[in-house]
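Please treat every number below as a calculation from the coordinates, not as lab data. Please read all numbers here as calculations on a predicted model, not as lab measurements. Positions of Cβ are backbone-derived with ideal geometry, glycine not excepted, and every protein chain shown enters the neighbour counts.
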């Protein structure tokens, strides 16, 4: 083991930061044996260095001044775990300008400022690692970027938001409504007090941007793709999917090549029970990747949490120490001009749930509209019969274009006998 | 892109070798873009360079003389895909002595000659990569060794033999007997004409040796651990496990730390249906790893096959080109003196199937023996009643020691009323 220690500075002593400190506390001898060097967590910066985080730390290394890290020439790796856009971006850029490698879990920042950050890394010949930004502790970005490097990636399908997956899993397992399960998830700390970011798919979308860069070498801003959350999914949908179609419903992040164009989208998706992704339950994450050489592979594990995420952060540090000069590809130097499909161009099967007044001729009207728009039905099912009352009709279509489907729904919702919003969910 | 090309020599133009050639044919531009260098498959050596492999290849690069590769100073990476012990070992050692990096899929060779091969790599400061040796194209060894580097690994559970898993899956899904399914698997090419190596667990054991080195830094020779195949598993066992216990039966490779000792074993195992490993079906492989920081993760995909395995081989080449000087850990320099548990020390729950003459007092005798040996029962079930005839009794025990279980079975099988061999399967 060489005497020359690697010094690391950590900015952000919150939940994940505490997990990182704890990981070094637990496994420093193991880590040093692996990299064959001394590893020293030299400084930890946070505005609050008073509150007890419940992890052992030498108080002398705590600082409220981030300059103690950024200006220290002995620190060669900076871990950024404060989250958000600013001052995180400023700190990361400054660290790289000063020749320091960076490790971050900041998916929002990467998804928004990808080009600026990676340009800066290239210019300064430093590396930026961000395994923890997608899928928490799951070995995911490095395997995708390195182990599968011989492949043209065909598809990435990810269940990458634990909160949404927990809610959908609980609804299915315990036959409970969305609102009720969400409330419980908030009480248990699995959902934020304002859960919008998770349940409306924004978190999933940010992670999908990163997966799409690594999988397809294409940086797609969030404004350019369809993002839809799980708030419209009812217990009725979940149970019909399960009992009649043998499917579960998952919030899925999709990047896939179809007819030479890239489709990028986030939405609830019906997944057949025999597909491995349907077994990714609760707060767990799973990412299913299809490569043109390897075929399908899946990576699975805890997509969030203090220690799981810390595992990825410290894993990145070790990877950096072992290969500081390694060539790393962060996708193309400029955003490739690529054909990104508009959601309206997507062709898929659909599940529809319509709320209609139970009277003769309703189905005839609806099927007429679908037929006009070239949408053919695989199955139709009306379980309840209550003459003159509102009842649900469930339909599954054959492959149809989203454009036509949207038109059909617009027309269907104008029918007098159709009440309430029509729910439609795409099939995998 | 630099002009200085990386030259690769391939020894062995069989199935996987042809897959490697095909992968370069398919994706060379992508690969060269990633490594920012020209990559040149300079020579392919095989005793047979006449038979058409169905892949495009420049005939000028074919040779029957391995020296054309080993003696070529321009070749810096040698891929060994001839399999077996000799001359594969000789070629690998010679390549490394000549300063060449090596990529191999040869699990048998690595499992047997681990220390000799890795000593040689260290001495010559070259790397040896072998992602393809376990789990085919699944990103597995690199994630385990690198992405999870911050973890002390607690457990590795692997379904890593496609043939055995195909047979067990088909038995369960189609309610068919072992022999019948094996025959079909042979006809379809999923099982060898002599299937011993796969169905008796030897292949799984070799792969487990490699997983144990990378996971725990311990090299355990095959003679030192328990290896048991699937030939005793009947449809009856599979159906009882499913219907009464909610479990499936898988051939599982296990390395796990229990009470400070390492347990290494290969045997059929009852796995609860809610466990993700139970969804690893058919020829697919899955490896479930528990780290002390990250918790559980799983990697899944095709564990064999020409292209899936080639994906890992070429992925290793890219990894080598990107980081020829990278520090790589192949486990400890000397085999750690470690407490490896004897199988008799293992404590687990057991499923038992006994064949007994249906007469009063039999169960009393058996339960007396179990009780004497400190084995308590969780459940007992006798489905058929046929006075004086042979009927099966199914039992599930609480945690018991293997030592006592073996003693109990020995005594039970001596009872007059117990016929046929007693089948026992451990639970996960």
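Annotations
- Comparing B:255, B:76, B:371 in a Gaussian network model of chain B, where Cα atoms under 10 Å apart are tied by springs, the biggest mean-square fluctuation is seen for B:371.
- Distance between region B:374-428 and region A:247-264 - C-alpha centres, whole angstrom: 50 Å
- Highest average first, the peptides A:241-249, B:4-12, B:414-422, B:156-164 ordered by how many other beta carbon atoms sit within 10 Å of their residues are B:156-164, B:4-12, A:241-249, B:414-422.
- Average partner coverage of A:14-23, which counts Cβ from other chains inside 10 Å: 1
- For chain B, the relative contact order comes to 16 percent (Cα pairs under 8 Å, sequence separation of at least 6).
- FRET efficiency for residue A:30 and residue B:385, using Cβ-Cβ distance with R0 set to 60 Å, rounded to 0.05: 0.55
- Label geometry 7 Å along the beta-carbon vector: residue A:5 inter-copy distances in nm: 4.8
- Partner chain coverage, peptide A:28-36 - average Cβ within 10 angstrom: 3
- Calculated SAXS-style log₁₀ I(q)/I(0) at q = 0.08 Å⁻¹ - chain A, Debye, Cα scatterers: -0.50
- When only alpha carbons are used to place a centre, region A:18-71 and region A:153-214 end up 31 Å from one another.
- Using a 7 Å Cα-to-Cβ projection, residue A:407 label spacings across copies, nm, ascending: 8.0
- Cα-based shape type of region A:65-125, given that a ≥ b ≥ c are square roots of the gyration tensor eigenvalues and the cut on a/c is 1.5: oblate
- For a paramagnetic label modelled on residue A:367 (point 7 Å from Cα along Cα→Cβ), amide N atoms under 14 Å away belong, within region A:383-421, to A:394-398.
- Ordering A:381-388, A:341-348 by mean Cβ neighbour count within 10 Å, with the highest value first, yields A:341-348, A:381-388.
- Legend: mean number of C-beta atoms from other chains within 10 angstrom of residue C-beta atoms, peptide A:272-280, equals 3.
- Compared with the direct C-alpha span, the chain from residue A:97 to residue A:123 gains 8.5 nm at full extension, assuming 0.36 nm per residue.
- Rounded if a/c under 1.5, otherwise prolate or oblate - the protein assembly as shown, Cα gyration tensor axes: rounded
- A Förster distance of 30 Å, applied to the separation of the beta-carbon atoms of residue B:116 and residue B:224, puts the FRET efficiency at 0.95.
- Between the beta carbons of residue B:359 and residue B:421, assuming R0 = 22 Å, the FRET efficiency works out to 0.65 to the nearest 0.05.
- Rounded if a/c under 1.5, otherwise prolate or oblate - region A:38-103, Cα gyration tensor axes: oblate
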